[in-house]
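Report on the following structure.
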Amino acid sequence: MKVIILCGGLGTRLREETELKPKPMIEVGGMPILWHIMKIYSQYGFNEFILCLGYKGEIIKNFFYHYEMYSNDFTIELGSRNIEVHPRHAEQGWKVTLLDTGLNTMTGARIKRAESFITEDIFMVTYGDGLTDLNIDTLVRFHNKHGKIGTITGVFPPLRYGEIMFKGDQVLKFREKPEDQQTSINGGYFIFKKEFFRYLSYEQDCVLEKAPLEQLTSNGQLKVYHHKGFWQCMDTYRDFSYLNDLWNTGKVPWKVW
């Protein structure tokens, strides 16, 4: 089963970092967040990746083209060009397809443009900016059991802001960052049958989260897997700092490898 990772967005809310690099290349613990996502999948035996590139995609291409040098120490003998690599990261067996899907292409169209690389009956999709301790094997079993076209992972991130309960303009109650969140959000870890490509379009403005998923839902073909463990996306500089703080303290929930 192949994993499509959406890596083409502009990352405008992280402009401090994305002026120079695409968001999936922003580092957590010295390695791109994209690498962390791939390590999660790889831990469960999924080692074939299709990276849908867009904004500054050449930086991601360059990283993987020179992966051995970027991710490991090495000794080079000048003049002869003899190189001895001293492995620190061993991602043997990773097969990475780097696919330019356009600068302004929306998420649904990016996935559609990867269709020719999907030969199996089932494939997975995720965004290039979300980390989790989700058990991918459990997610796959859930998908295979219900038999529908798609599975979306619902997550329950802690609320950042207080709640105001009101009637008209009268405040009734105020709760500071309630922890008992009952509704989930899209956690970005999907599984689809190959027939889902029929719901997608090559048109640049095809957004995965709009018509394709809405139509799949109206047809009764989308199930949600509820994950109440760790999940954190990297949308803002605050998220970037939080994830790096976790890594630096050694409390790394997503590090399942």
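Odds and ends about this structure:
- In the chain, the DSSP-assigned H stretches of four residues or longer account for a calculated mean residue ellipticity at 222 nm of -7000 deg cm²/dmol, using -39500 (n - 2.57) per stretch and the full residue count as denominator.
- Here 124, 31 are placed in order of increasing Cβ neighbour count within 10 Å, fewest first, which gives 31, 124.
- FRET efficiency for residue 82 and residue 255, using Cβ-Cβ distance with R0 set to 45 Å, rounded to 0.05: 0.85
- DSSP-defined antiparallel bridges as percent of all bridges, the chain, nearest 5: 55
- Rounded if a/c under 1.5, otherwise prolate or oblate - segment 16-80, Cα gyration tensor axes: oblate
- Residue order for 231, 257, 94, fewest other beta carbons within 10 angstrom first, comes to 257, 94, 231.
- Considering only 43, 232, 92, the Gaussian network model of the chain with Cα springs below 10 Å gives its largest mean-square fluctuation to 92.
- Exposure proxy ranking for 194, 21, based on other Cβ atoms within 10 angstrom of each Cβ and starting from the fewest, stands as 194, 21.
- Straight-distance candidates among the lysines for linking to residue 228, with alpha-carbon spacing under 21 Å and chain neighbours fewer than 8 residues away dropped: 39, 145, 177, 251, 255.
- Inter-label distance, residue 20 to residue 201: 3.9 nm, where each label sits 7 Å from its Cα along the C-beta direction.
- Loop-located GluC sites (Glu not before Pro) across segment 185-243 with a Cβ neighbour count of 16 or fewer within 10 Å are 203, 209, with loop assigned by DSSP.
- The gain in end-to-end length when the residue 61 to residue 100 segment is fully stretched comes to 13.1 nm, 0.36 nm per residue minus the alpha carbon separation.
- Cβ-based net charge around residue 85, under 15 Å, with every Lys or Arg adding one and every Asp or Glu removing one: -3
Throughout, read-outs are computed from the coordinates displayed, never taken from laboratory work. Note that the structure is a prediction, hence the values are computed from the model and not measured. Cβ atoms come from the backbone with ideal geometry, glycine included; neighbour counts cover every protein chain shown.
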